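The values are calculated or read from the model by the stated rules, or taken from the named source; none is laboratory data. Here the structure is a predicted model, which is why all the values come from computation and not from measurement. With ideal geometry, Cβ positions are generated from the backbone for all residues, glycine too; neighbour counts draw on all protein chains shown.
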Amino acid sequence: MAKFTSEEKLQAALRYLKGTESSHEIAKSIGTDHKAILNWAKQYEYNGVEAFVKRYTNYSAQFKLDVLNFMIENGTSLNETAAIFRIASQSTIRQWRKQFESKGFDALQSKKKGVHP
């Protein structure tokens, strides 16, 4: 799947939310899957234009746990939860859930990248 700029995602979301085109039509016209269009629209509904501003961040273990708890307590899907918390990909939350289920809270701690002495 091609990478899309923030502006392209925004425009696709707005086209969908306008209600005159289906997610399938928009996806076909820009070369992506219709689920991406639905996801971008959901992100826009929760966060407006800010949804498409790139954020490079390391999430704290507590934040990760809060996201997982929110999802469980509110019954939100991975996609919806990602949209609410402005997490770029629902697969990130899936990974956190898998880590937490297998190794508990400590698995959510950020690992330092690079060479360790």
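Here is a check on your reading of the model: is ALA61 of a type in the set (A, V, I, L, M, F, W, C), over 11 Å from the mean Cα position of the chain (by Cα), over 27 Å from ALA36 (Cα atoms) and at pLDDT 90 or above?
On the way: of a type in the set (A, V, I, L, M, F, W, C): yes; over 11 Å from the mean Cα position of the chain (by Cα): yes; over 27 Å from ALA36 (Cα atoms): yes; at pLDDT 90 or above: yes.
When the stated conditions are applied, ALA61 passes them.
Is it true that LYS54 is under 24 Å from SER110 (Cα atoms) and either surrounded by 16 or more Cβ atoms within 10 Å (Cβ to Cβ) or free of Cβ contacts under 8 Å to residues at least 12 places away in the same chain (or both)?
Details: under 24 Å from SER110 (Cα atoms): yes; either surrounded by 16 or more Cβ atoms within 10 Å (Cβ to Cβ) or free of Cβ contacts under 8 Å to residues at least 12 places away in the same chain (or both): no.
No: the conditions fail for LYS54.
Restricting attention to helices (runs of 4 or more DSSP H) lying wholly within the range 1-51, give those where 2 or more residues are under 16 Å from GLN90 (Cα atoms) and not assigned by TED's automatic domain parsing to the domain that holds SER77.
Values: elements: 6-18, 23-30, 34-47.
Passing ranges, in order: 34-47.
Quick grid of which residues meet (1) in contact with a helix residue (DSSP H, G or I) (Cβ under 7 Å, 6 or more places away or on another chain); (2) aromatic (Phe, Trp, Tyr); (3) under 22 Å from SER77 (Cα atoms):
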position: GLN11; (1), (2), (3): no, no, no
position: GLY19; (1), (2), (3): no, no, no
position: HIS34; (1), (2), (3): yes, no, yes
position: GLY48; (1), (2), (3): no, no, yes
position: ALA51; (1), (2), (3): yes, no, yes
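Would you call ALA83 touching an Asp or Glu at 6+ places or on another chain (Cβ under 8 Å), surrounded by 16 or more Cβ atoms within 10 Å (Cβ to Cβ) and among the aliphatic types (A, V, I, L, M)?
Numbers: touching an Asp or Glu at 6+ places or on another chain (Cβ under 8 Å): yes; surrounded by 16 or more Cβ atoms within 10 Å (Cβ to Cβ): yes; among the aliphatic types (A, V, I, L, M): yes.
Criteria met by ALA83.
Where the second residue is outside any helix (DSSP H, G or I) and surrounded by 12 or more Cβ atoms within 10 Å (Cβ to Cβ) and the first is of a type outside the set (Val, Ile, Thr) and modelled with pLDDT under 90 and lies in the range 90-110, which pairs have Cβ atoms under 9 Å and are six or more apart or on separate chains?
Pairs that qualify, where the first residue is of a type outside the set (Val, Ile, Thr) and modelled with pLDDT under 90 and the partner is outside any helix (DSSP H, G or I) and surrounded by 12 or more Cβ atoms within 10 Å (Cβ to Cβ), are GLN90/SER77; LEU108/TYR59; LEU108/SER60; GLN109/SER60; SER110/TYR59; SER110/SER60.
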